[in-house]
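Chemist: Below is a structure I'd like to ask you about.
The values are calculated or read from the model by the stated rules, or taken from the named source; none is laboratory data. As the structure is a prediction and not an experimental result, all values here were calculated from the model. When we count neighbours, we look across all protein chains shown, and the Cβ atoms used for this are built from the backbone with ideal geometry, even at glycine. Protein only, heavy atoms only, side chains kept; ligands, DNA and RNA dropped before computing areas. Shrake-Rupley method; radii C 1.70, N 1.55, O 1.52, S 1.80 Å.
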Amino acid sequence: MKRKIITTGDGSKTIQIEDWDEQYHSKHGAIQEAYHVFIEHGLRLFNNTNIKLLEIGFGTGLNALITLLESKKQQLDITYVGVEAYPVSMEEIAELDYCTQLNALDHQEKFEEMHRSPWEKSTLITQDFSLHKQQKDFKEITDSDTYNLIYYDAFGARVQPELWTEEIFEKMYRALKTNGVLVTYAAKGSVRRAMQHVGFTVERLPGPPGKREMLRATKD
Ligand SMILES: C[S@@+](CC[C@H](N)C(=O)[O-])C[C@H]1O[C@@H](n2cnc3c(N)ncnc32)[C@H](O)[C@@H]1O
């Protein structure tokens, strides 16, 4: 499907799938949304030093990059697993120019290394951040009792309803350790109920600018 790069409300860029009129991030602000949903309401919950994290939809790598930046501040040791079926190109990464927008040009090389690192292998990006990209469909995830935190960043239910069902959240629930947390930008009632049906305790939290709510699900 055809992808094009657009500028969002906070000046940061994202990819748009033209045929679906769907973006990789919020049109109101890509970086703003990523920090709000995944860092502020996800990563910041953890003060244990070793965190195993699963990202559903590695895509542009923006979430991995801001997690690396944040993990330095919080002095965390992160094992980051990013699942993605349709990798973006290095040309797209260059055009998105996230390190400039994040005022993190000193991390440009590390960010490129994240994208160049081989699939299906673990790569040490820094001493405290390892990245394991897996190129596969989300439906093939079979991990159990493995992760502390899941960034659930699939395209919306309007275009990929099959990624917001009990079947997929059952897999996410199994993949998490006890007390593990899944965060997502989504807030639909049907999504919340699917999460609750598989056993999650779900909180409705204030969403990023332009969105009233988001969801956080905990495996108690
Ligand atoms: C909303 S985008 C978010 C990407 C990423 N988190 C980011 O910040 O750029 C969703 C991602 O899921 C990927 N994707 C869509 N369907 C998939 C599937 N069934 N299995 C694996 N990846 C999929 C897309 O290619 C896209 O990169």
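Chemist: Does G61 satisfy the criteria of being within 12 Å of I150 (Cα to Cα) and surrounded by 15 or more Cβ atoms within 10 Å (Cβ to Cβ)?
Modeler: No; evaluated as a whole, the condition is false for this residue.
Chemist: On to the next question. Please list, ordered by first then second residue, the pairs with beta carbon atoms under 9 Å, 6 or more apart or interchain, first in the range 139-157 and more than 17 Å from N48 (Cα to Cα), second open to solvent by less than 40 Å² (accessible area, probe 1.4 Å) and acidic (D, E).
Modeler: From the range 139-157, the pairs are Y151/E55; Y152/E55; D153/E55; F155/E22; G156/E22.
Chemist: Go through the range 37-57 and report how many residues are in contact with a strand residue (DSSP E or B) (Cβ under 8 Å, 6 or more places away or on another chain) and open to solvent by 10 Å² or more (accessible area, probe 1.4 Å). So that I can check it myself, show each step before the final result.
Modeler: First pass over the range 37-57, keeping only residues in contact with a strand residue (DSSP E or B) (Cβ under 8 Å, 6 or more places away or on another chain): 37-38, 41-43, 45-46, 48-57.
After this cut, where a residue has to be open to solvent by 10 Å² or more (accessible area, probe 1.4 Å) as well, the list is 41, 45-46, 48-50, 52, 57.
Matching residues across the range 37-57 total 8.
Let's see how each residue does on (1) free of Cβ contacts under 8 Å to residues at least 12 places away in the same chain; (2) farther than 18 Å from I150 by Cα; (3) in a helix (DSSP H, G or I); (4) within 16 Å of the ligand (Cβ to nearest atom):
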site	(1), (2), (3), (4)
K27	no, yes, no, yes
Q32	no, yes, yes, yes
Y35	no, no, yes, yes
K52	no, no, no, no
S71	no, no, yes, no
A85	no, no, no, yes
A94	yes, yes, yes, yes
E109	yes, yes, yes, no
L124	yes, yes, no, no
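Chemist: Test A175 against the criterion of being of a type in the set (A, V, I, L, M, F, W, C) and buried (at least 21 other Cβ atoms within 10 Å of the Cβ), and give yes or no.
Modeler: When the stated conditions are applied, A175 passes them.
Chemist: List, please: which pairs have Cβ atoms under 7 Å, are six or more places apart or on different chains, and start with a residue in the range 1-23 that is at positive phi and end with one that is among the polar types (S, T, N, Q) and surrounded by 15 or more Cβ atoms within 10 Å (Cβ to Cβ)?
Modeler: G11/Q101
Chemist: On to the next question. Taking only the range 174-216 into account, find how many residues are touching a Leu at 6+ places or on another chain (Cβ under 8 Å), without any contact (Cβ under 8 Å) to a residue 40 or more places away in the chain, closer than 28 Å to H28 by Cα and not small (G, A, S). It would help to see each step written out before you state the result.
Modeler: So in the range 174-216, the residues touching a Leu at 6+ places or on another chain (Cβ under 8 Å) come out as 175-176, 180-184, 186-187, 191-192, 195, 200, 202-205, 213-216.
Pick out the ones that are also without any contact (Cβ under 8 Å) to a residue 40 or more places away in the chain and you get 180, 182, 186-187, 191-192, 195, 200, 202-204, 213, 215.
Those left that are additionally closer than 28 Å to H28 by Cα: 182, 186-187, 191-192, 195, 202-204, 213, 215.
In the following step, the residues that additionally are not small (G, A, S) were identified as 182, 191-192, 195, 202-204, 213, 215.
Summing the residues that are touching a Leu at 6+ places or on another chain (Cβ under 8 Å), without any contact (Cβ under 8 Å) to a residue 40 or more places away in the chain, closer than 28 Å to H28 by Cα and not small (G, A, S) in the range 174-216 gives 9.
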